[in-house]
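The block underneath contains the structure these notes are about, expressed in structure tokens.
The values are calculated or read from the model by the stated rules, or taken from the named source; none is laboratory data. Everything quoted here is computed from the prediction, not taken from an experiment. When we count neighbours, we look across all protein chains shown, and the Cβ atoms used for this are built from the backbone with ideal geometry, even at glycine. Keep in mind that these areas ignore ligands, DNA and RNA; they rest on the heavy atoms of the full protein, side chains included. Shrake-Rupley method; radii C 1.70, N 1.55, O 1.52, S 1.80 Å.
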Amino acid sequence: MKIFKFGGASVSSADAIRNAASIIELFPDQKVIVISAMGNTTNELEDLVKSFFKRGNRTEAIYEKIKEYHAGIIAGLDLTDEDLVLVEQLFNDLKKRLQGIPSLNFDYEYDQLICYGELISTAIISAYLNKRGMTNRWIDIRQSLRTDETHREAVVDWKWSGMLINNSFNFQEADLYVTQGFIGSTNTNQTTTLGREGSDFTAAILGNLLNAESVTIWKNVPGVLNADPVDFDDTVKLEELSYKEAIELAYSGAKVIHPKTIKPLRNKRIPLLVRPFDAPDQAGTMIHDVDYQLDLVPVFILKKSQALVTISPSDFSFIGIDQLSEVFSLFRARRIKVNLIQQSAIDLSLCIDEPEIGLESLIVELRKTFEVRYNTGLILATIRFYNDDALCKMKAKRQLFLEQRSRRTARLVLK
């Protein structure tokens, strides 16, 4: 049994969906297909959430834009109203939610609305596969993947999820299942999400709990590259990676794999394949157990929308464990991710994901105890297997705020 994951780009149009179906046909094994929202739907839904939460006047227009986009794909697939009963129901459910009054919890409202991208996407693709003669069963993963109540970054309840997933995906009623990535639910059936781009993680969870032979992520790149082709012209494909290298790259911000994907697969030694959906005959990159030293070219990762916050005790005292505890408790309470830490005698510098809202209030809170300096709109650049040429290339024409080096990794905060 195999797990296939198709991201938004691989199902962004009728032609792309037909291509995905052709890939699925190439592999007659029992399969679970994990699918993301189509194209840029998640971004559109995020705009919808913000408008709904603020009771803005764009809510209906954004909803209609999303519905129109999917209607175009449906028309290209020649699906009938009879094929689309579930899709119509989902759009009606979304519209009904938008007619209600939002709670005061933005993260909660985010999860309740953003999930429709994956639900509608999988409902359309499941209907198309059935029409094409590829009999499948559509599963609402929220009924099986249980989490805690941490909205937008939910923690998986592995015990309950294991029992429910093995019951739902039992391969007695079908050999092909279609389900959603990214979403789950609490024990009280409140929708949660696993973190942005979390569909990879869903595929890994299913791979682990169903003891899959392999997990394959179908992407719009030849495999795992040594840099994002959006930012670099001269990229090189990495033929293989160890689990350790993959998790280092993912943690540093490599977009090709969600950071939480590797652990569930490594724990059961399940290989992860990253393959191109426009050339399914190519092997892509294999991530697996490696017991020898890999000889890799420098790997460049850019993590954008970063802020650098530097704090100093107002009384000129040293940065000690008490100050560290106070600062990190504050960041934890605000669910702010710290990506790099550098400490001197009286300075503590933290590179963080710049929050959508709340950075100013964080600075105000810190200034009650510390002197604070900060910069926004920065890039955290990570170079794995760095050399002097790689460092010069990264620093060229950029302002350097902070630099760290270890044996294999250099990290730079730049603008």
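For N339, the residues whose amide H sits under 5 Å from its own are C351, I352, D353, ignoring neighbours fewer than 5 places away on the same chain, with H placed 1.01 Å from N. Given the alternatives [x] 29, 61, 11, 0; [y] 24, 55, 20, 1; [z] 24, 52, 19, 5, 0, P(r) over Cα pairs in 20 Å bins from 0, in percent as computed for this entry is given by [y].
Summed over qualifying helices (DSSP H, 4 residues or more, each -39500 (n - 2.57)) and divided by its residue number, the chain shows a 222 nm mean residue ellipticity of -11000 deg cm²/dmol. Put a plus charge on the Cβ of each Lys and Arg, a minus charge on the Cβ of each Asp and Glu, and nothing anywhere else: the dipole of the chain about its Cα centre is then about 720 debye. When the solvent-accessible area of segment 258-409 is split by element, carbon and sulfur atoms take up 50 percent of it, the probe being 1.4 Å. Between T382, T216, T188, the residue with the greatest mean-square fluctuation in the GNM of the chain (Cα pairs under 10 Å linked by springs) is T188.
With the charge dipole of the chain set up from +1 on Lys and Arg Cβ and -1 on Asp and Glu Cβ about the Cα centre, the Cα lying farthest toward the positive end among the listed residues I383, P102, L366 is that of L366.
For chymotrypsin sites (Phe, Trp or Tyr not before Pro), no site in segment 38-100 is both called loop by DSSP and has at most 13 other Cβ atoms within 10 Å.
Sequence-distant contacts, meaning Cα pairs under 8 Å at least 6 residues apart, place the relative contact order of the chain at 13 percent. At a probe radius of 1.4 angstrom, the accessible area of the chain per residue rounds to 47 square angstrom.
Only Lys, Arg, Asp and Glu carry charge here, each on its Cβ (+1 for the first two, -1 for the last two); on that basis segment 223-367 has a dipole of about 640 debye about its Cα centre. Taking the accessible area of segment 1-149, probe 1.4 Å, and keeping the other protein chains in place, the carbon and sulfur fraction comes to 47%. Over all other residues within a Cβ to Cβ distance under 12 Å of N339, the charged ones net out to +2, with Lys and Arg as +1 and Asp and Glu as -1. Relative to the Cα centre, the charge distribution of segment 32-116, modelled as +1 at Lys and Arg Cβ and -1 at Asp and Glu Cβ, gives a dipole magnitude of about 480 debye.
Within segment 258-322, the trypsin sites (Lys or Arg not before Pro) that combine a DSSP coil assignment with at most 10 other C-beta atoms in a 10 angstrom radius are R269.
Restricting segment 308-376 to GluC sites (Glu not before Pro) that sit in a DSSP loop and have at most 15 other Cβ atoms within 10 Å of their own Cβ leaves E356.
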